[in-house]
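What follows is one structure encoded as structure tokens, with my remarks underneath.
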């Protein structure tokens, strides 16, 4: 049918706007909760100067990701209006792929690649915070992100010369590298938190296993989206168009959902604190010191792990 292009444009615009709306709500809610936590934790002027919110990797990356996702959505809207404006020519089968539409498609794919790189970098940052000061665990995701940057550039270059998405072999590489980063970081974050909480004693807050559940669920959602794209691409289904359309919004939603759920948990704990003071989400666990596993009085030395804004 000659109007298939219009149907696809309408469906793409609808699905893309739906996912962008979901992400926008979660983004603004997560930013509100983040600012609330920051204001409570840095109530004094000196503390605010020492720990500016603009120095936060999580806050800065969230703002940058919002800009990227919004740019991607604006491209979708613009392409949708172009398709509807060319309805008459499309019905006559006279709507060739010109340089303007090709440039828009290239820009859309480029923004998608940037969003995925940001998402992979954020989960790698969480891995670094959880495993600090051990940096050896970062070798695999860092190499994967570097390889993804290279393959994404080649994928965009291929799109410029051949807009047929199914003839772009670099998309398979991109999907594989994203899966490697997501699964690797999730497994190692989960293992670290599990080994800590397995011998833990909850003190002044909630157990880190709740944060573990949040990370695993969010990573599973992102992994399902990636696998769905891989299957649609391998079988050459037209549904892959919708997967590409929703990609940046999915990346943003996953990260905003983590921050929102952790922020809501922090807020509920702060309401239970004495005299209205927030109770930190901390966890104390047994860890022997370098000199001795026990102190002078025979008690085990304790360390503290926190799920604060550095992680999420």
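Read the figures in this text as sums done on the coordinates, not as results from a lab. The shown structure was predicted, so the numbers you read here are calculated from the model rather than taken from an experiment. Virtual Cβ from ideal backbone geometry, glycine too; neighbours counted across all protein chains shown.
Here the spin labels are modelled as points 7 Å beyond Cα on the Cα-Cβ line, and at residue 228 and residue 53 they lie 3.3 nm apart. Computed from label points 7 Å out along Cα-Cβ, the spacing between residue 194 and residue 217 is 1.8 nm.
Extension gain for the segment residue 187 to residue 235, taken as residue separation times 0.36 nm less the Cα-Cα distance, is 14.4 nm to one decimal.
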